[in-house]
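Read-outs throughout are calculated quantities, based only on the coordinates presented, and are distinct from any laboratory measurement. Quick caveat: nothing in here was measured; it's all calculated off a predicted structure. Cβ placement follows ideal geometry from the backbone for every residue including glycine, while neighbour counts extend to all protein chains displayed.
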Amino acid sequence: MMSCELEDMHAMNALRCGSQRSGLGVNGYASACNDCTYSRATPTSSSSDRAAATAEGPVFDTCDILFESLSAERRARICAAYSASTCCTSSRSRALRGRASPARGARPIARAAIDPISPFDTRRLNVVASHSGASSMRVFVDGVPVYFPYEYMYPEQYAYMCELKRALDARGHCVLEMPTGTGKTVTLLSFICSYQLIRPEVSKLIYCTRTVGEMDKVLHELERVLQYRNDALQRENSAAGSSALVSDHGVNRKLLAVGLTTRRNLCLHESVVSAESREEADSICRSMTASWVRAQHASESAPAASHAPGSGSAMEIDTQASEAPENPALCKYYENFEAKGRETIMPSGVYTMDRLMAFGREHQWCPYFTARHAINVANVVVYNYQYLLDPKVAGLISKDLARESVVVFDEAHNIDNVCIEALSVNIKQDTLNRCLGNLSTLTNKIRETRETNAGRLQEEYERLVASFSAQNLLPASVAQNQLTDALLASPVLPHDLPEQESVPGSLRKAEHFVMYLRRIVDHLRRKMQAQSVTQESARLFTHQVAGSLLTDVKTLRCCSERLKSLLFTLEVTDMAEYSPLNCVADFATLLGAYGNTRSFGVIFEPYDERLPSIPDPILQLACLDSTLAMQPVFERFQTVVLTSGTLSPLDMYSRILGFQPVVSRSFTMSLARKCIAPMIVSRGSDQQPISSKYELRNDAAVIRNYGSLVIELAAVVPDGMVVFFVSYIYMEMVIQAWSETGVLQRIAELKLVFIETPDTIEASLALDNFRRAVDQGRGAVFFSVARGKVAEGIDFDQHYGRCVVMIGVPFQYTESRTLRARLEYMREVNHIRENDYLSFDAMRQASQCVGRVIRSKADYGIMVLADKRYVRADKKNKLPPWILGCMEDKLLDLDTEMCVTGAKQFLKEMAQPLSQQAQIGTALLTEAAIAAGAHMNGTAARGAMLSAPAANMSMGLL
């Protein structure tokens, strides 16, 4: 039998090793160490969790310790000791801890976002508590019982739920700014899923994210929320003597949650999975699933089946057909789905990407079409922004979603740019050249069809003559095979389409329509031969096009739908080949629909102004009004929640999107200790101002001072550092200058240097190697770019990002003609001044960059804003309140030496151990504390949950 002290040592070593194993650590807090021979069984949450954990990488095989087996007193002692060790700020101690666990360096973490376990992160604390027998929370938010799957709740989480309930009760829209790392996702899911129990009319939650990784995180968090909610309801029903699976309000507690992404990500067929692009994957899928392809193979196989030995009755043949015999030219997964899946309701549960793929393999059904079929009946749908905002996609995927739905746009700080891009079309010279090839191919296909099957073209012509709507030109059979036959919807928003508008006679015959498209292409080619930049209103450009083509806007407006009808008639499956022609058709359709409005502008640039010596003509039909894409969402659904950590100032955000929220609130972060240290560095060591503004950008003194700042911080900050630049061009210029002057070499002596590039694969490799260097205790600095992939989607939590430096103010390229046109539109229509919008946009990007450093309250890091312009009130006051609340006056206008001194002091304070008990009542709330505060009203209730120090820090959330 081992002594208590030795067992404690093994447990703490297990915690250390477990911090690099998110699979086992999250599921069961089961960890391992490699310096002893004591072992114990390591149960995880479920068999699927064990399989997922094993798939993460090799399982440590020498010492598996179950943390929950220790007494509460010993667990507290171990956590306190572990906290003291993890708060150490020297790279040497980190390296020593890495050597204590050899597997740590041997298997570097390669995932983009990792959350190492800290005993004082409430997300991990609650996992420990749930496995050690401690209960999670059931709290009341203004009468709504909320099932929260963790033992503790942040004060801002409770306040967030209160504001969310106000919006849901009012059936209006809201803007909520929540600090990063404070559990925004679990707060949303817990409250809305609990709200649905007492408000059954709120039948669906539509959760919109940016990436597939974020989608999967949401589904995994939802799985945890529902597991606790269902367990709690089961206990309540058992105590009441009922075995029914319903809540107190008679609502079935089982629900279906599914995520939807592209075919390429949700496909089991080898040829689709191996496709190099999304367009190619879609084309391969369509070539195996289109109705005419399947009908052709069915007709070819029918004679063989009828003469086959032992062929049975018609009933037997139907039964055999339902079993979907494999045909190499068809997709067996889709055939099985058609045979059995369409009429089958998916079992209730949360279908993450992995579980959906496993479900498809088990039943031999296509996961993509299974998810497409399920979203209309699912209680929770998780997918990308584009499925609601882009009319081409939304009209196909989301048109049948119920109005009684709650829509959540997570990380919505850039939602206005997403709306602009969804309705804009860019045409390059290569696009038009490929269009000519498309038109020639279509002409040949029409000629061949005339010779072999003229009835198809005649049937289309008669259908177009009889049609009373130019926006629904496909035959009725497409509605029955919408999953495979329907192409992208119209690029025009539904409420801007005429209800009754027949197809012009000049477009009804296929040959005439192809000739019309060729005239459009020829006009655009002539336009792109100009040698100077032009910018004109959509109204003027539409008038020019109509005059050149001797046509009207109605004819232009029909181009997109008419092209889809023709491609369907000609039975085209390779849609990727015709993407250039679709682009031109969308250009003409949008021009015909919005050509007489101020919401669009037409801009031609013969070259990129940053590279004037390289001809690169581009013609842009630029949407200038972000409200166009958002208004249909606001009008269609009863509640839309826009939330992120960087939305300030909220009044400008709502004006840009053109709506009046019923709730608009920004929350600060309640902290037992200040875990972030925002600093503004305005001068170098020589007292010369530093800035990335154009006049100082090439100044050698500025570049030298920026280099000195990075060197000095790299010498005192342990583990990982991240340095953001305003653009790739500026980053390349500065790094080249640093290389020539020896600055880069001095940085490399302190930490390994990694650089983000525009190439996705190269950037991913650099990020993986950066994490590996930090894990091994070597320390590393990552040079990145604001508005890039790393700045938006990658977390540098825990030791991966102890300091973030934002070099310069990340303004957009102000010489962009598209940006100028949009600024002019907002000034005239939204009454937003140019400087106000540019500052708002730059500060939300800067906040996104520095926010990468903090992912939880147990985390800590330094935020350095290195530009003299951050001192000005018009810039500083646009930072989110949770950053401003931690920004002390003495840290507002620093030089390099003062910044380094402040960093040392901050790191010294963070090295002190912080007990869980010290956070209760300030950063953490218990169920009892919330219940006690629930007897009071409004602000008093929330204020009673905070101690005096926390209340001072959290005034923003009240």
Estimated vicinal HN-Hα couplings, Hz - the stretch 727-732 in sequence order (Karplus 6.51, -1.76, 1.60; Gly, Pro = x): 6, 5, 5, 5, 4, 4
Amide N of the stretch 526-564 lying under 15 Å from the label point, which is placed 7 angstrom from the Cα of SER613 along Cα→Cβ: none
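Stick to the Cα atoms of the stretch 676-913, pair each with every other, and give me the Kirkwood hydrodynamic radius in Å at one decimal. Walk me through the intermediate numbers first.
On the way: mean 1/r = 0.0554 Å⁻¹.
Computed over Cα pairs of the stretch 676-913, the Kirkwood hydrodynamic radius comes out at 18.1 Å.
First measure r as the distance between the Cβ atoms of THR344 and GLN687, then evaluate 1/(1 + (r/R0)^6) with R0 = 60 Å and state the FRET efficiency to the nearest 0.05.
Working: r = 73 Å, r/R0 = 1.22.
The pair THR344/GLN687 has a calculated efficiency of 0.25.
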5 angstrom amide H check on SER405, placed H, neighbours 5+ away: GLN638, THR639
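Expressed in nm to one decimal, what extension gain is obtained for the pair ASN376 and SER291 from 0.36 nm per residue of sequence separation less their Cα-Cα distance?
Details: separation 85, 0.36 × 85 = 30.60 nm, distance 2.22 nm.
Additional length available on full extension: 28.4 nm.
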Zone residues, the stretch 810-850, relative to ASP874, backbone N less than 11 Å from point 7 Å out along Cα-to-Cβ: 833-840
³J(HN,Hα) computed for each position of the stretch 810-821 - Karplus, 6.51 cos²θ - 1.76 cosθ + 1.60, integer Hz, glycine/proline x: x, 5, 5, 5, 6, 8, 5, 5, 5, 5, 4, 5
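Provide the gained length on full extension for the span GLN458 to ARG778, in nm with one decimal, where the gain is 0.36 nm per separating residue minus the Cα-Cα distance.
Details: separation 320, 0.36 × 320 = 115.20 nm, distance 7.24 nm.
Residue separation times 0.36 nm, minus the Cα-Cα distance, leaves 108.0 nm.
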At R0 = 30 Å, FRET efficiency that the Cβ-Cβ distance of THR757 and GLU909 yields, to 0.05: 0.25
Cut-off under 5 Å, modelled amide H: who pairs with PHE783 long-range: VAL723, PHE754, ILE755, GLU756
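Within 11 Å, Cβ to Cβ, of VAL871, how many net charges do the neighbouring residues add up to if Lys/Arg are +1 and Asp/Glu are -1?
Charge balance in the 11 Å sphere: +3.
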For the stretch 864-876, 3J(HN,Hα) per residue [Karplus equation, 6.51 cos²θ - 1.76 cosθ + 1.60, θ = phi - 60°, Hz, x = Gly/Pro]: 10, 9, 9, 5, 5, 6, 5, 5, 5, 5, 5, 9, 4
Linear extension gain, ASP768 paired with GLU824, 0.36 nm per residue minus alpha-carbon span: 15.9 nm
Percentage of interatomic Cα-Cα distances in the stretch 754-886 larger than 21 Å: 49
Summed residue charge, Cβ within 13 Å of MET910's Cβ, Lys/Arg positive, Asp/Glu negative: +3
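For ASN433 and HIS495, FRET efficiency with R0 = 35 Å and r from the beta-carbon atoms, rounded to 0.05? Kindly include the intermediate steps, with their values, before the conclusion.
Details: r = 36 Å, r/R0 = 1.02.
With R0 = 35 Å, the Cβ-Cβ based efficiency is 0.45.
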Unit charges at the beta carbon, dipole of the stretch 676-913: most positive-side option, ILE854, ALA866, ILE690: ILE854
5 angstrom amide H check on GLY259, placed H, neighbours 5+ away: TYR351, VAL382
Spatial extent of the stretch 564-654: Rg and Dmax, with the Cα atoms as the point set, Å: 18.9, 52
In nm, spacing of pseudo-spin labels at ALA239 and MET733 (7 Å Cα→C-beta vector): 6.7
